[in-house]
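Q: Handing you this structure, nothing more for now.
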Amino acid sequence: MDLRIFTEPQQGATYDDLLRVALAAEQLGFDGFFRSDHYLTMGGDGLPGSTDAWVTLGALARETSTIRLGTLVSPATFRLPGVLAISVAQADQMSGGRIELGFGAGWFDAEHTAYGIPFHDGLERFNRFAEQLEIIHGLLNTPSGSTYSFAGEYYQLVDAPALPKPVQSPLPIILGGAAKTRSAALAARFADEFNVAFDRAGTADKITRVRAAAAETGRELVYSAAQVLCVGRDEAELGRRAAAIGREVGELRENGLAGTPAEVVDRIGEFAALGVTRLYLQTLDLHDLDHLELVASEVARQL
């Protein structure tokens, strides 16, 4: 089971905060450091303000050496597909081949309103996302010396040189969502990994639907889950960590990866039984590095 640290910087974090956590995660042996891609807090003042995901990842690419880096997930609404493909490929070069692209349709209307980013209705947003996904996949995988063209309803590319090239071939693309017919088909065609975020009860059904779609394309995907993390050596420590992120211990035990190390190991086993081989540990208190040390020493070593 791969364990990756997953952060939410829009809730309030500087680049230095993220760097400190990424370096600690790398030193402690976690497989990856991922961040959300948002421009507005979803509660609280969000000070000192949101940072840009791909600027952050480009910098972390130069300040880390082994840990995987990526987004969970970048909204299609934020960037033109050709521009995003260039950013992803450049960051991959800067990291020596450690970047992964988590990609989604976008959902948070308020951040679009706040920053003047167009936010279309649900159907158009998904249709645009589907075109962008195909374009980004095409650009990242076009052979050297060839060009890439695309003619869609929303986007048209003519003889794009598809440069720069990422180090990885293929560069991993992570998709998530409800795993209904269209999204499952997109994952089966373009994704290397399918992620189920914060839906413990629905994990099995979503994986089953995507696995069936992938079987039709003859592709094998990695299946992962994202869960909020809250681990304590005893009830007092667990309670302090839950309070620090504004959550209740009972609710976290029910819906996240929460409890003592032994409880969390058992919960991870439940995910493994469903076919999950990678977990994104949503770490909300970025100043509590002892939390990561506890997971590395008392949870990860048992996996």
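Q: Could you please let me know if Gly116 is free of Cβ contacts under 8 Å to residues at least 12 places away in the same chain, open to solvent by 20 Å² or more (accessible area, probe 1.4 Å) and not polar (S, T, N, Q)?
A: The answer is yes for Gly116.
Q: Any idea how many residues of the range 153-171 are open to solvent by 90 Å² or more (accessible area, probe 1.4 Å) and under 20 Å from Ile99 (Cβ atoms)?
A: 2
Q: Tell me the residue from Ala243, Ala296, Ala226 that is within 27 Å of Leu23 (Cβ to Cβ), out of contact with any Lys or Arg (no Cβ under 8 Å at 6 or more places or on another chain) and buried (at least 21 other Cβ atoms within 10 Å of the Cβ), please.
A: Ala226
Q: Cβ contacts < 7 Å: first residue over 16 Å from Phe6 (Cβ atoms), restricted to the range 53-66; second residue open to solvent by 30 Å² or more (accessible area, probe 1.4 Å) and aliphatic (A, V, I, L, M), any location; separation 6+ or different chain. Result?
A: Qualifying pairs under 7 Å: Gly58/Met94; Ala61/Met94; Arg62/Met94.
Q: In the set Leu123, Leu139, which member is touching a strand residue (DSSP E or B) at 6+ places or on another chain (Cβ under 9 Å), at pLDDT 95 or above and part of a helix (DSSP H, G or I)?
A: Just one listed residue meets the conditions, Leu139.
Q: Continuing with this model, one more query. Under the condition of being open to solvent by 40 Å² or more (accessible area, probe 1.4 Å), under 21 Å from the mean Cα position of the chain (by Cα) and of a type in the set (A, V, I, L, M), which residue from the range 246-280 is nearest to Asp2 (Cα to Cα)?
A: Ala272
Q: Can I ask one more? Sort through Pro172, Pro161 and tell me the only one that's free of Cβ contacts under 8 Å to residues at least 24 places away in the same chain, in contact with a strand residue (DSSP E or B) (Cβ under 9 Å, 6 or more places away or on another chain) and within 23 Å of Gly58 (Cβ to Cβ).
A: Working: Pro172 fails: free of Cβ contacts under 8 Å to residues at least 24 places away in the same chain.
Just one listed residue meets the conditions, Pro161.
Q: Kindly indicate which of Gly176, Gly138, Gly202 is surrounded by 18 or more Cβ atoms within 10 Å (Cβ to Cβ) and under 30 Å from Leu292 (Cα atoms).
A: Gly176
Q: Are any of the residues in the range 83-103 more than 17 Å from Pro172 (Cα to Cα), at pLDDT 95 or above and over 16 Å from the mean Cα position of the chain (by Cα)?
A: Looking only at the range 83-103, we keep the residues that are more than 17 Å from Pro172 (Cα to Cα), and these are 83.
Applying the additional criterion that residues be at pLDDT 95 or above yields 83.
Those still in the list that are over 16 Å from the mean Cα position of the chain (by Cα) too: 83.
Among the residues of the range 83-103, at least one is more than 17 Å from Pro172 (Cα to Cα), at pLDDT 95 or above and over 16 Å from the mean Cα position of the chain (by Cα), which makes the answer yes.
Q: Can you list the strands (runs of 3 or more DSSP E) lying wholly within the range 199-285 that have 2 or more residues being touching a residue at least 60 places away in the same chain (Cβ under 8 Å) and closer than 21 Å to Gly176 by Cβ?
A: So the answer is 222-231, 278-282.
The values are calculated or read from the model by the stated rules, or taken from the named source; none is laboratory data. Since the model is a prediction, treat every value here as computed from it, not as a measurement. Counting neighbours? That spans all protein chains shown, and the Cβs are built from the backbone with ideal geometry, glycine included. Heads up: the accessible areas ignore ligands, DNA and RNA and are worked out on the full protein's heavy atoms, side chains in. Shrake-Rupley method; radii C 1.70, N 1.55, O 1.52, S 1.80 Å.
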